[in-house]
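The values are calculated or read from the model by the stated rules, or taken from the named source; none is laboratory data. Note that the coordinates shown come from a computational prediction; the quantities given were computed from them, not determined experimentally. All Cβ positions, glycine included, derive from the backbone under ideal geometry; neighbour counts span all protein chains shown. All accessible areas refer to the heavy atoms of the entire protein, side chains included, with ligands and DNA or RNA removed. Shrake-Rupley method; radii C 1.70, N 1.55, O 1.52, S 1.80 Å.
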There are 2 protein chains.
Amino acid sequence: MPVNSFDNYPMSWKPDKNALKRPFYKSLASLLEQDITNGFLAPGTKLPPQRELADFLDLNFTTITRSYKMCEVKGLIYAVTGSGTFVAPNATRSITISADKTANSIDLGFVASFEQTNDIVSETLQKTVNKSYLEQLLNYNDPTGIPHQKTAALNWMESFGIHADQEHIAIVSGAQNALAVALAALFEPGNRIATDLYTYSNFIELAKMFHIKLVPIHGDQFGMLPDELEKQCCQTNIDGIFLMPSCNNPTTIMMSDIRKQELAAVIRKHRLILIEDDIHAFLTAGIISDYRQPMFHLLPEQSVYICGTSKSICSGLRVAYMVYGETLREKISQAIFNINVKTSSFDAEVITELILSGKAHEIVSHKKRLAQTANDIYSEYFPLRKDVGHPLSLYRWLPIKGHNDALQLETDLKRRGIRVFHSNRFQSGQTTPDMYLRIALSSTNSFDELKIGLGILKQYLN
Amino acid sequence: MPVNSFDNYPMSWKPDKNALKRPFYKSLASLLEQDITNGFLAPGTKLPPQRELADFLDLNFTTITRSYKMCEVKGLIYAVTGSGTFVAPNATRSITISADKTANSIDLGFVASFEQTNDIVSETLQKTVNKSYLEQLLNYNDPTGIPHQKTAALNWMESFGIHADQEHIAIVSGAQNALAVALAALFEPGNRIATDLYTYSNFIELAKMFHIKLVPIHGDQFGMLPDELEKQCCQTNIDGIFLMPSCNNPTTIMMSDIRKQELAAVIRKHRLILIEDDIHAFLTAGIISDYRQPMFHLLPEQSVYICGTSKSICSGLRVAYMVYGETLREKISQAIFNINVKTSSFDAEVITELILSGKAHEIVSHKKRLAQTANDIYSEYFPLRKDVGHPLSLYRWLPIKGHNDALQLETDLKRRGIRVFHSNRFQSGQTTPDMYLRIALSSTNSFDELKIGLGILKQYLN
DNA sequence: CAATTTGTTGGTAAACATTTG
DNA sequence: ACAAATGTTTACCAACAAATT
């Protein structure tokens, strides 16, 4: 490419050569960061190739590499060998989805969990405080959980197909906390974790915070494609994989048993660490005919299985169980100590009591019925595609067309009184042409409110 | 140095040239890691200078730099310009101090907090479950704490000299959790944080996990020396500073008010982010005559103030308060969401009730009396130096001589029935010739047990 | 399928900064 | 005060690898 062609094929970004100070690579990176956060470079914009920019700025091109790399680590841009470097879809904003309610808005965004069942929890809470051993819950002992709590936990997970002993389970403060512990314990900054093309947005943010790079892998209706994973593993060094086999968030895809085994073979071969988030186990095991087992037991020595009780039992009591192989035990308990010291024994005790008394199962049945009703309501507004996705999912994944500006779409709907999230928030890497909305069914105050919300949405999309 | 002098002045480490594979720097780093973890290279050993090793291996010396750097980031070695590179004091083991009790051992190691007061907590716990708004505590709302809980928190911290509003306080799951949140929110891997020469060992481990480098700064009996901090700030890029002004752990040093102001000036000048861990506020404010204020209000826009209730009120209820300036608000709430989603509202509610009912103050008075007694007992065995350190500290810092092998010392004492920790565990950077033991006074089951433990210790040291 | 474009990686060289003697 | 030893930083070059055309 001739040096003087800049005017004919203008570069999308022309940093001011005079603004560069030494060290160049840092200076250039912060210029880029500014221009992205100021909105001067929109998400999706292709940046000049390293060599071209180097030519323009009269620097060696690996100096540009380093600047780009700094911004990539911060999640501002992403690079694809062969095609170029692009501004990341979510460069300018955080995609974390929180429960912070905005007044007078119907929440189809955050996925809560039919809090109507919490009266049962209150009752049990009141009973729990009368235990004779209450004071044992108030000291620093048993940082990974009290033995009888672990026993109840194992008992609970038995029906999901999990079998483990006291030494290989830990109780932590909710599933998100478990993910944080797992990442901190088992990965280093710069490591790579394979994920589905669309994955849990709070995991994306968490990985960003820990400077772990996500490698999106294509999938089909049965889950991630083993060949695609294999391909990526051979290409780049991949250290781990994050999966939600029992019901992917946001796509609602359930992984078939065959697919689990095929993927496990690839994971085993490349020695990846598997993080299996089974938060939807309660909606899947025993309901789905094809369901056989979580992936954990296919790869026990290289997996962390996470089972949170926020969705299945109660969201305010912060409890999740982590199950792991012997090889990971020490690192995980170390990380739990570093991040939490210990989990509140009291929260865990209430959950334990709920499990042992059978109330937890009552709650689960109730939630399943509510999920069924909510899905029935949804299908009145938007037809469910047969055999695609989880039938009882707490959210749905709605393909949309012709709404290209994700932010605009969310804002428009907010103005009409509903909160939903655009598929952009769930993209672990590059942009795709397909667009969806994730519709939470379990967060409205009533089914009437859900109907109103879905009505508004349907009207808007038509 | 002539190339052939290796035999005359043998290098402390001669990696096998043939074992090196490409890429050299990674291969060399893992050789070094192995030799350290196998105990082949003992802590404190001086490694060959980069240039010398490069000569020996026939590589460019910056390749060695990179290998050393990899190991340094992992906390295996540390380097001092001008003097050389050394194996880190705690390279081979984790220094995390946990409450995992070993049977039949008197615990003078882990600092608990006189759990005798937990009967008061039990009572309040039982009352709390009868609140009419109990179900409000069981959902996903208010991730940083419910407003009335925050009000109580501010109320509590008022007496420590903290004034803030609802938007600048968050409730998290204990002080360690707050530290994790602060590091995740405000620092990046590779950042540097200044600390006292001896500092909280769990903070050292946490920083290691986040790949944050600690820069030890010398101090005197009034705390860290401002000139030393200034010097380091000018030399290397320092991003933050961690301080426990009201009672350093492990040295028990309280910072004088003048020193706080001098340090604040340096911190302001270099725009460091201050993490102020004020877990001992309850033992200091109102007791120490010189006490005026925490450092937070000297630097409100660049500080995070952390006030845990584990030591002062109850350790099993995992609650700590974080107070911060507007500039840090967004990042911190983001990190809280990423790591915890939310804190258990129930734990926070019990603490709130304890504060509002005045029981918390009762507990604190009780703990202060216990601390006084424990310190009186200690002084019968080991004389307290006048005017050095906190008079009511829950632990003491005992200078020892002639016991050079830290691990051996800890093991010897363990065999005699007591658990104590050697000063090596608390070193944030290089080794020092001075040696101490940290003696926890608040973790034995009774004062008689404390006396027995101190007796054994005294006999052993003589 | 070969050539081209584009990003990645690993080793090198030079200038720099700090500590020690 | 200065020289030597030692670690640090930044830029560059060359070989490589993947994707596109």
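Name the single residue that is most open to solvent (accessible area, probe 1.4 Å) among those in the range A:262-315 being β-branched (Val, Ile, Thr) and over 17 Å from A:ALA153 (Cα atoms).
Across the range A:262-315, the extreme among qualifying residues is A:ILE287.
Criterion first (in a helix (DSSP H, G or I), within 13 Å of DNA strand C (Cβ to nearest atom), farther than 21 Å from B:PRO216 by Cβ and open to solvent by 40 Å² or more (accessible area, probe 1.4 Å)) does B:ARG51 satisfy it? Quick ask: steps written out before the conclusion?
On the way: in a helix (DSSP H, G or I): yes; within 13 Å of DNA strand C (Cβ to nearest atom): yes; farther than 21 Å from B:PRO216 by Cβ: yes; open to solvent by 40 Å² or more (accessible area, probe 1.4 Å): yes.
For B:ARG51, the condition - in a helix (DSSP H, G or I), within 13 Å of DNA strand C (Cβ to nearest atom), farther than 21 Å from B:PRO216 by Cβ and open to solvent by 40 Å² or more (accessible area, probe 1.4 Å) - is met.
Could you figure out which of (1) open to solvent by less than 80 Å² (accessible area, probe 1.4 Å); (2) under 27 Å from B:LEU206 (Cβ atoms); (3) within 16 Å of DNA strand C (Cβ to nearest atom) isn't true of B:ILE36?
Every listed condition holds for B:ILE36 apart from (3).
Which of the following residues is more than 9 Å from DNA strand D (Cβ to nearest atom), farther than 30 Å from B:PHE203 by Cβ and out of contact with any His (no Cβ under 8 Å at 6 or more places or on another chain): B:LEU76, B:LEU53, B:LEU59?
Exactly one residue qualifies, and that residue is B:LEU59.
So how many residues does the range B:189-203 have that are in contact with a Phe, Trp or Tyr (Cβ under 9 Å, 6 or more places away or on another chain), open to solvent by 20 Å² or more (accessible area, probe 1.4 Å) and within 16 Å of DNA strand D (Cβ to nearest atom)?
The total comes to 2.
Please report, ordered by residue number, the helices (runs of 4 or more DSSP H) entirely within the range B:295-405 with at least 1 residues that are over 30 Å from B:ILE241 (Cβ atoms) and among the basic types (Lys, Arg).
In the range B:295-405, the matching helices (runs of 4 or more DSSP H) lie at B:359-381.
Given the structure, is A:GLN408 open to solvent by 10 Å² or more (accessible area, probe 1.4 Å), assigned to a helix (DSSP H, G or I) and touching a Leu at 6+ places or on another chain (Cβ under 7 Å)?
no
For the range A:211-229, state whether one or more residues are over 25 Å from B:LYS342 (Cα atoms), in a loop (DSSP other than H, G, I, E, B) and more than 16 Å from DNA strand D (Cβ to nearest atom).
Scanning the range A:211-229 turns up at least one residue that is over 25 Å from B:LYS342 (Cα atoms), in a loop (DSSP other than H, G, I, E, B) and more than 16 Å from DNA strand D (Cβ to nearest atom).
Report yes if A:LEU41 is more than 20 Å from B:PHE187 (Cα to Cα), away from chain B (no Cβ under 14 Å), within 12 Å of DNA strand D (Cβ to nearest atom) and surrounded by 17 or more Cβ atoms within 10 Å (Cβ to Cβ), otherwise no.
It is false that A:LEU41 is more than 20 Å from B:PHE187 (Cα to Cα), away from chain B (no Cβ under 14 Å), within 12 Å of DNA strand D (Cβ to nearest atom) and surrounded by 17 or more Cβ atoms within 10 Å (Cβ to Cβ).
Under 7 Å between Cβ atoms, which residue pairs at least 6 apart in sequence (or on different chains) link something in the range B:70-88 that is on the phi < 0 side of the Ramachandran plot and within 14 Å of chain A (Cβ to nearest Cβ) with a partner that is near DNA strand D (Cβ under 8 Å from one of its atoms) and open to solvent by 30 Å² or more (accessible area, probe 1.4 Å)?
Close Cβ pairs (under 7 Å, with a partner that is near DNA strand D (Cβ under 8 Å from one of its atoms) and open to solvent by 30 Å² or more (accessible area, probe 1.4 Å)) amount to B:GLU72/B:ALA79.
Any idea how many residues of the range B:159-174 are assigned to a loop (DSSP other than H, G, I, E, B) and in contact with a Lys or Arg (Cβ under 8 Å, 6 or more places away or on another chain)?
Qualifying residue count for the region: 3.
Can you tell me which residues in the range A:65-95 are more than 8 Å from DNA strand C (Cβ to nearest atom) and open to solvent by less than 30 Å² (accessible area, probe 1.4 Å)?
Residues satisfying the conditions are A:SER67, A:CYS71, A:GLY75, A:LEU76, A:ILE77, A:VAL87, A:ALA88, A:PRO89, A:ASN90, A:ALA91, A:ILE95.
Name the residues in the range A:421-459 that are in contact with a helix residue (DSSP H, G or I) (Cβ under 6 Å, 6 or more places away or on another chain) and more than 20 Å from A:PRO391 (Cα to Cα), would you?
A:HIS422, A:ASN424, A:ARG425, A:PHE426, A:SER428, A:MET435, A:LYS458, listed by residue number.
B:GLN232 - would you say it is open to solvent by 20 Å² or more (accessible area, probe 1.4 Å) and in a helix (DSSP H, G or I)?
Considered against the rule, which asks whether it is open to solvent by 20 Å² or more (accessible area, probe 1.4 Å) and in a helix (DSSP H, G or I), B:GLN232 comes out as yes.
Matching residues to (1) within 13 Å of chain B (Cβ to nearest Cβ); (2) basic (Lys, Arg); (3) in a strand (DSSP E or B); (4) surrounded by fewer than 19 Cβ atoms within 10 Å (Cβ to Cβ):
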site	(1), (2), (3), (4)
A:SER113	yes, no, no, no
A:GLU123	yes, no, no, yes
A:GLN126	yes, no, no, yes
A:THR144	yes, no, no, no
A:HIS148	no, no, no, yes
A:GLN176	yes, no, no, no
A:GLU205	yes, no, no, no
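Could you please give the count of residues in the range B:206-232 that are touching a residue at least 12 places away in the same chain (Cβ under 8 Å) and under 21 Å from B:ASP257 (Cα atoms)? Outline the logic, then answer.
Residues of the range B:206-232 that are touching a residue at least 12 places away in the same chain (Cβ under 8 Å), as a first pass: B:206-208, B:210-219, B:221-224, B:226, B:229-230, B:232.
Next, only the ones that are under 21 Å from B:ASP257 (Cα atoms) stay: B:217-219, B:221-224, B:226, B:229-230.
Result for the range B:206-232: 10.
Can you tell me which residues in the range B:248-261 are open to solvent by 10 Å² or more (accessible area, probe 1.4 Å), without any contact (Cβ under 8 Å) to a residue 60 or more places away in the chain and under 18 Å from B:LEU197 (Cα atoms)?
Scanning the range B:248-261 gives B:MET255, B:SER256, B:ARG259.
Could you identify the single residue in B:LYS342, B:LYS359, B:LYS368 that is in contact (Cβ under 8 Å) with a residue 40 or more places away in the chain, within 14 Å of another protein chain (Cβ to nearest Cβ) and open to solvent by 10 Å² or more (accessible area, probe 1.4 Å)?
Residue meeting the stated conditions: B:LYS359.
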